[in-house]
Amino acid sequence: MMYKSIFILGRLPAIGRAELESLFGADHIESIGERAVGCDIDPSEIDFARTGSSVRLAKPLTVLHTTKWADVVRYVTAELPRHLDFLPEGKIKLGLSVFGMQISPNNLLRTGLELKKTCKAAGRTARVVPPSEGSELNSAQVLHNQLTGKLGMELLFIHSGNNMWLAQTRGIQDITAYAQRDQNRPKRDAFVGMLPPKLAQTIVNLGTGQLPPHDTNVVLDPFCGTGVVLQEALLMGYGAYGTDLKPRMIDYTRQNLQWLASYGVHGNETLEAGDATTHQWGHPFSAIASETYLGRPLISWPGPDKLHEIIGTCNVIIEKFLNNLASQLPANTRLCLAVPGWHNPNGHIHHLPLLDHLEKMGYNRISFEHAKTEDLVYFRPDQLVARELLVMIKK
């Protein structure tokens, strides 16, 4: 495949690969090592702000058939001057990030200073942005130093087998925008869970696949809570249909979507209170994206009997919901549900028993070419209740 774009994936790369496969199709992407994905679509045609599980979008420059750092540096030093001709007058801001192999920060800094000398010899001044730790710049450094701006340049070195891909960052995950729409919305509720907006984006992308963003293509969230999934669906251009057991949550969602509308984001919206295990959804919808009931929050790992009780309660609620939903879904409707998985201190995930009976309930779980189903679990290392992402099609 001839790559026109390269995505750098986040902390859980399998989820990122599944998201990109959902958006573009398996034939249009290809893994480059563990943290990167090549794509045959040009960056100018990609709405990168929509992707929740990728941290960078880059333009490939070349691939080197060597992984020796000295050879890589020699090539970049020789090629850099001709790239400087395309930059406007002014001081260049230069950053370096390496993925898939360990290069010490000191070694990277030495490489950066060598490239700075190369810039000076070409008649240009430059400032090198060193990594704060490890071998890659974080998103805040790229944003703060404007490395995707007119005078910025972040060079990416991506190790894959016996090759090293070189690319230049064109887009960076906007952590400031995520924080603003997570923390500034008027209604938040820690008890029902704090779904990160970027994970909500991924859930919407997995649930909609290649469904065109249009307000007549409506995303249903039957457990809408404070409306994070609906917010992200509206930002993408979809219509939004939210229901929740608690009228208070519907009121919170309404206020949050009104706050979003104050920034010019309007769309086709429907909100109503309803128990997802019995509710009849009377308005049309095209896809489903939702974080379901995750059970009680845990601050310590429960004993076997208590864990069995917690899993059983969640399983009953979600199984009733899926049975109720199945009777109302047209065939081939796509959905993504974040359901609970319990991540014990040994790293084992305790799954919902219903996962073994999805076909009997009327659903086929989607298999991805570029990600294993068992790896689609979102969690932090210290988190006891994980979110397992079920991507399914109604039979």
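Normalised by 2.2 N^0.38 Å, where N is the number of residues, the alpha-carbon radius of gyration of the stretch 163-243 equals 1.28. Mean sequence separation of contacting Cα pairs (under 8 Å, at least six apart), scaled by the length of the stretch 261-395, corresponds to a relative contact order of 29 percent.
Here the dipole of the stretch 41-116 is about 300 debye; that uses its Cα centre as origin and unit charges on the Cβ of Lys and Arg (positive) and Asp and Glu (negative). Hey, rough spin-label estimate for ASP356 and ASN106, points 7 angstrom out along Cα→Cβ, what's it come to in nanometres? Those two pseudo-labels are separated by 5.4 nm. Measuring between their Cα centroids, the stretch 274-321 and the stretch 21-78 lie 38 Å from each other. Modelled spin labels at LYS68 and HIS308, positioned 7 Å past Cα toward Cβ, are 6.2 nm from each other.
Ranking GLY237, ALA261, LEU220 by Cα position along the charge dipole of the stretch 212-280, where only Lys, Arg, Asp and Glu carry charges on their C-beta atoms, puts ALA261 farthest toward the positive end. Note: relative contact order over the stretch 213-277, using C-alpha pairs below 8 Å and six or more positions apart, is 38 percent. Translational diffusion coefficient of the chain (Stokes-Einstein, Kirkwood radius from Cα pairs, 37 °C, 0.692 mPa s): 145 µm²/s. The calculated P(r) of the stretch 296-395, using every Cα pair and 5 Å bins from 0, goes 2, 12, 22, 22, 18, 12, 7, 3, 0 in percent. The local environment of GLY362, defined by Cβ-Cβ distances under 13 Å, has a net charge of +2 under the rule Lys, Arg +1 and Asp, Glu -1.
Rounded to 0.05, the FRET efficiency of the ASN163 and ASP251 pair, given R0 = 56 Å and the Cβ-Cβ distance, is 0.55. Within the chain, DSSP assigns beta bridges of which about 60% are antiparallel (rounded to the nearest 5).
Expressed as a rounded percentage, what relative contact order does the chain have, with Cα pairs under 8 Å and six or more residues apart? Please list the in-between numbers first.
Numbers: 791 pairs, mean separation 58.4, N = 395.
Rounded, it is 15 percent for the chain.
At 7 Å along Cα-to-Cβ for each site, give me the label-to-label distance between VAL265 and GLU374 in nm. The modelled label-to-label distance comes out at 3.7 nm.
Just so you know, all these numbers are worked out from the coordinates, no wet-lab data involved. This is a predicted model, so every value here is computed, not measured. Note: ideal-geometry Cβ built from the backbone for every residue, glycine included; neighbour counts use all protein chains shown.
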